[in-house]
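The values are calculated or read from the model by the stated rules, or taken from the named source; none is laboratory data. Please read all numbers here as calculations on a predicted model, not as lab measurements. Using ideal geometry, Cβ is built from the backbone for each residue, glycine included, and neighbour counts are taken over all protein chains shown.
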Amino acid sequence: MDARELTVELIAHNTVSYNSNTEVMKFLRQRMLEIDCQVEWVEYVDPDGVQKVNLIGKKGGNHDPGDRGIALLGHIDTVPAIGWESSAFEARIEGTKIYGRGSCDMKGSVACMLETASRYSNSDLDYPLYVIVTADEEVGFHGAQAVTDKSDLFKGAFPRYGVVGEPTLLGVIHAHKGIVQMAVTARGQAAHSSTGEGDNANLKLIPFLTEMRDIYFTLTTDSKYFNDDFDPPFADWNITIDNGDCAPNITPPFSICRINYRPMPGQDPYEWIDRARQSAEKHGLEFELRAAAEPMVTPRESEVVRAALDITGEENPRTVAYGTDGAVFGQHMELVVIGPGSILQAHTVDEWMELDQFPKAVSVFSQFVERFCKKT
């Protein structure tokens, strides 16, 4: 299996998170079967009622795994493609780069994982190699949660160690922030604004927003909430407001405040979740906690971190401010985040990845397999 060719095929599938991913997962299941993987299909319905699928492929494992074996972890969903002049879902190769939505984040990495798996027969692997491909990483890790809740393979003798293949330019990440997503809704009544007959939902939201602003300034200016292992050293508390397509001469019938909070290790995220909930209830607003995943932290002395440093030649692992499926899987496993491409290209118009990242990533993933899936 060739990772670059597979990436071209994967980019052609529109897997923006709000779409069902069933078709691309049928395609990937077939490719996994072609390389002799045992495949588990894990379905769930997302919070918006859309059918989603996760895949767990397994190879090898003829011995009791104990602490051995490795899981390669990736996601297939992407952020929306807004502002592209060319088709975001038609891969193009120009010079040393491959362009297309998901090329970097992270269809290219998933393809490298599958090429890695294709290089080994089941009899080659004394301990199991897993490739997990999830949905909804970009919108709250619902796919990863479904795997931990529903997968028979995951609930079995699953490896202690895993590699999350998010784009790090193949640098070693041992910790990242968590993710909390909240939605608070104020409801009013629409009317032509000139009549004075409407009930403006924005006005009901303003007292709550004032209190959320105070939390934002507390988290971003009070050093007792900082963690200097991260850059920036404070937790994100990002606030957005949505009136739908309400025109300026209509009294808005609803107003939704969405809060994206990234807790850091050592913080109790529910201290701030509860403050937001209590504020919403005090002001007569609807509160919904849409996602809550804790930070991922793997000790520097963990075997998988030490192996990653040895494989890459780096001296020390790093931290990042963004989140990954490791926020969920890290509650069950010891993980490193290491994958091809740069996070600077993720989510951008004309997203791209350097072509030389493909063989480099396959080499790195293969070295994890050699260390964790074969007897020494």
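Annotations for the structure displayed:
- Selected residue [closer than 19 Å to Gly330 by Cα and among the charged types (D, E, K, R)] from Asp124, Asp152: Asp152
- Candidate set: segment 184-195, residues that are surrounded by fewer than 17 Cβ atoms within 10 Å (Cβ to Cβ) and assigned to a strand (DSSP E or B); chosen: the one nearest to the chain's Cα centre (by Cα): Arg187
Yes or no, residue by residue, for (1) on the phi < 0 side of the Ramachandran plot; (2) buried (at least 24 other Cβ atoms within 10 Å of the Cβ); (3) not small (Gly, Ala, Ser):
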residue	(1), (2), (3)
Ala111	yes, yes, no
Leu114	yes, yes, yes
Ala135	yes, yes, no
Phe141	no, yes, yes
Lys177	yes, yes, yes
Glu197	yes, no, yes
Leu203	yes, no, yes
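- Verdict on Asp274 being without any contact (Cβ under 8 Å) to a residue 40 or more places away in the chain and closer than 30 Å to Asn202 by Cβ: yes
- Only one entry in Phe158, Phe154 is within 19 Å of Glu43 (Cβ to Cβ), outside any strand (DSSP E or B) and hydrophobic (A, V, I, L, M, F, W, C), namely Phe154.
- Of all residues in segment 213-250 being touching a helix residue (DSSP H, G or I) at 6+ places or on another chain (Cβ under 7 Å) and in a strand (DSSP E or B), the one that is surrounded by the fewest Cβ atoms within 10 Å (Cβ to Cβ): Ile239
- Restricting attention to segment 178-208, the residues being touching a residue at least 60 places away in the same chain (Cβ under 8 Å) and touching a strand residue (DSSP E or B) at 6+ places or on another chain (Cβ under 8 Å) number 17.
- Near pairs, Cβ below 9 angstrom, 6+ apart or cross-chain, from segment 304-333 (farther than 24 Å from Gln345 by Cβ) to any residue that is acidic (Asp, Glu): Val304/Glu334; Val305/Glu334; Leu309/Glu315; Val328/Glu294; Gly330/Glu294; Gln331/Glu294
- Hits in segment 115-156 - residues which are under 15 Å from the mean Cα position of the chain (by Cα) and closer than 25 Å to Lys375 by Cβ: Ile132
- Test for Ala157: is it aliphatic (A, V, I, L, M), surrounded by fewer than 16 Cβ atoms within 10 Å (Cβ to Cβ) and either under 30 Å from Leu129 (Cα atoms) or not assigned by TED's automatic domain parsing to the domain that holds Val42 (or both): yes
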